[in-house]
Amino acid sequence: MAGDATTTEKHEFGAEVGRLLDLVVHSLYSEREIFLRELVANAADAIDRRRFEGLTNPDLMPPEGAKIRIVPDRPGRSITIADDGIGMTREALIADLGTIARSGTRAFGETLAAARPEDRPNLIGQFGVGFYSAFMVAERVEVTSRRAGAEAAWTWASDGGGAFTLAPAERETAGTDVVLHRKADADEYLDAARLEAVVRKWADHVTIPITIARDGKDLPANEGTALWRKPKSEVGEQAYTEFYRHLGHLFDQPWATVHWRAEGSLEFQALLFIPAAKPFDMLEQERISRVRLHVRRMFITDRAELLPPWLRFVQGVVDTEDLPLNVSREMLQSTPVLARIRKAVTNRVLTELKTHAKDADDYARFWENFGAVLKEGVWEDAEHRRDVAPLLRFRSSAVAGWTSLADYVGRMRPGQEAIYVLVGDNAEAMAGSSQLEGFRARGVEVLLLSDPIDAFWPERMGEFEEKPIRSVTQGAADLSKLEPEAAPAGEAADTAALVTALKAALGDAVSEVRATDRLVDSAVVLAAGTAGPDLQMQRLLRRAGRAGFAAPPVLEINPRHPLIAALARQVSAGVEVADQAGLLLDLARVQDGDLPKDPAGFARRIERALAASMG
């Protein structure tokens, strides 16, 4: 029961709440029933959290028979969703219900507005705004909550406008009551049979009992079966899909379902899913696996890190008999049992991925969604690096679509010593890079890597099938061992004097200037020093303010290019080429997808060169 007007506090919602609520209510109007899924899921999570805290503090343990109770009130035009969960303090009500989509209200609004209608319901759970779906069917929402272990209760209330109120309240026990005062066009959700149909559809596998008040009785509304404990032969595809959607607040079909029972010295049941669609904030999410750990069906935590961070896209449940119900957070970090479960679950997921990888088209769907995350395993996980490597896929300078490292090795030219990669920001742009000219002329394939993690993992991995992985910006020496497939056009100019003049003009901006035979159409190209990081890593270091750790690049010139030949003649005639030297270096930077260090100076040099050509 809320306090009187003298004790009621009024608060403004967080920024942009009005627009966000409008999007939630109107963009998802055709899927209004998901409000019940979201509120039931929140209630189940609250009871699970209370159970977990009760393991180390018995005073917080939920009462025997803890459940979620749904009470429709047709005369009062309201529906109540009550739980025996952990509850919320006054501060939690403000933080959790008063600031919508704290991870990015604007991002959620923009994504929801741009998404296809069939994709929109999937977003509400992903962005953590499920509670606000209540306003699709309610003109006013009241939340009365009492935190377990606390005496005080508070009521949060809002009509979905720009503000909410808080007032002291009374609640006999810990938990939360969410009361929805229905809109005029939402009468169907005052019918107990309609509510039961929604629960059966979206929450039948919630292991916490759900009841609906009907004819003066609280009648069960969900089966509450631990689906993962059933034999695979007894579970249909539809049941798997419904459970998957419940776990992740999703609407799509799982790309892969992995259901098995481990027996022997270590016993557990696992039901895991790989989604078919990438979350909109995949790379911004917390780098932790959220697979749920259960002990004898009882939820313990979703922070046991049952899978490594590079498999964090996997969802599901692992249930074991080999841990005590009162397992502590400290035990979760140190127990050998959990370490063995982690290893077994990781290996099982990798086996599933290897099986799916045999179907190139099917695996391409997965790779486009989660490939950038899987690559993190090569960088950070020495134990599984060799298992992950065959699962990697790449764009290539030689073939269309995705290709693997094994396929690349099978196509290597006779005498080719290494696997060559070019790292950049865009695979399509890299396909036309001057860095590839010498490789293409010699029929040498180059893998085009465009994810941020690609600047790191090749060095850590080192080699594949005894073939070193080498950046093309560091592979110039290798090309001299391979003959071009066709004789290069034009006669090579004598560039010895030009090389000396360019190095003198550029000074410390380059570590070296040298002639190269790896260019065909371009006049210049940048290369990395033999001892330092490749060019993409150097760019990342500069962006991170750590340019001092990167050596200046090497400027390579093409002796057969008309521009280089003309400059060589000018130097021989005693003409200064300082201006042209700076222009060549900036041209090489631009070709490599970088910016000139001095854009204004670059523009002035271009202007002078154009004016001279017209004089």
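Taking the criterion of being in contact (Cβ under 8 Å) with a residue 24 or more places away in the chain, among the hydrophobic types (A, V, I, L, M, F, W, C) and open to solvent by 60 Å² or more (accessible area, probe 1.4 Å), the only residue of region 400-418 that qualifies is 402.
Of the strands (runs of 3 or more DSSP E) lying entirely inside region 251-318, those containing at least 3 residues that are farther than 18 Å from residue 331 by Cα and touching a residue at least 60 places away in the same chain (Cβ under 8 Å) are 254-262, 268-275.
Just checking, does region 419-428 include any residue being surrounded by fewer than 15 Cβ atoms within 10 Å (Cβ to Cβ) and among the β-branched types (Val, Ile, Thr)? Looking through region 419-428, none of the residues is surrounded by fewer than 15 Cβ atoms within 10 Å (Cβ to Cβ) and among the β-branched types (Val, Ile, Thr).
Taking the numbered list (1) within 24 Å of residue 421 (Cβ to Cβ); (2) open to solvent by less than 10 Å² (accessible area, probe 1.4 Å); (3) among the charged types (D, E, K, R) in turn, residue 319 passes all entries but (1). Just name the residue that is farthest from residue 428 (Cα to Cα) out of those in region 443-475 that are modelled with pLDDT under 85 and touching an Asp or Glu at 6+ places or on another chain (Cβ under 7 Å). Here the answer is 474. Here residue 194 meets each of (1) under 33 Å from the mean Cα position of the chain (by Cα); (2) more than 26 Å from residue 54 (Cβ to Cβ) with one exception, condition (1). Scanning region 134-158 for residues that are part of a loop (DSSP other than H, G, I, E, B) and under 28 Å from residue 53 (Cβ atoms) gives 147, 148, 149, 150, 151, 152. Looking across region 159-170 at every residue that is touching a residue at least 40 places away in the same chain (Cβ under 8 Å) and assigned to a loop (DSSP other than H, G, I, E, B), the one that is most open to solvent (accessible area, probe 1.4 Å) is identified as 170. Of all residues in region 190-218, those satisfying the criterion of being assigned to a strand (DSSP E or B) and either buried (at least 16 other Cβ atoms within 10 Å of the Cβ) or among the β-branched types (Val, Ile, Thr) (or both) are 210, 211, 212, 213, 214. Checking each residue in region 221-243 for being among the acidic types (Asp, Glu) and in contact with a helix residue (DSSP H, G or I) (Cβ under 9 Å, 6 or more places away or on another chain) picks out 223, 242.
Residues that are among the basic types (Lys, Arg), modelled with pLDDT of 90 or more, out of contact with any helix residue (DSSP H, G or I) (no Cβ under 9 Å at 6 or more places or on another chain) and surrounded by 15 or more Cβ atoms within 10 Å (Cβ to Cβ) do not occur anywhere in region 354-363. Tallying residues that are free of Cβ contacts under 8 Å to residues at least 40 places away in the same chain and surrounded by 21 or more Cβ atoms within 10 Å (Cβ to Cβ) within region 37-61 yields 0.
Mind checking whether some residue in region 231-242 is open to solvent by 60 Å² or more (accessible area, probe 1.4 Å), more than 24 Å from residue 350 (Cα to Cα) and at pLDDT 95 or above? For region 231-242, residues open to solvent by 60 Å² or more (accessible area, probe 1.4 Å), more than 24 Å from residue 350 (Cα to Cα) and at pLDDT 95 or above: absent. The residues of region 571-615 that are surrounded by 15 or more Cβ atoms within 10 Å (Cβ to Cβ) and of a type in the set (S, T, N, Q), listed by number, are 580, 591. Annotation: residue 395 fulfils all but one of (1) in a strand (DSSP E or B); (2) more than 30 Å from residue 438 (Cβ to Cβ); (3) open to solvent by 50 Å² or more (accessible area, probe 1.4 Å); the unmet one is (2).
The values are calculated or read from the model by the stated rules, or taken from the named source; none is laboratory data. A quick note: this is a predicted structure, and the numbers were derived from the prediction, not measured. Note that each Cβ is placed from the backbone with ideal geometry, even for glycine, and that neighbours are counted across all protein chains shown. All accessible areas refer to the heavy atoms of the entire protein, side chains included, with ligands and DNA or RNA removed. Shrake-Rupley method; radii C 1.70, N 1.55, O 1.52, S 1.80 Å.
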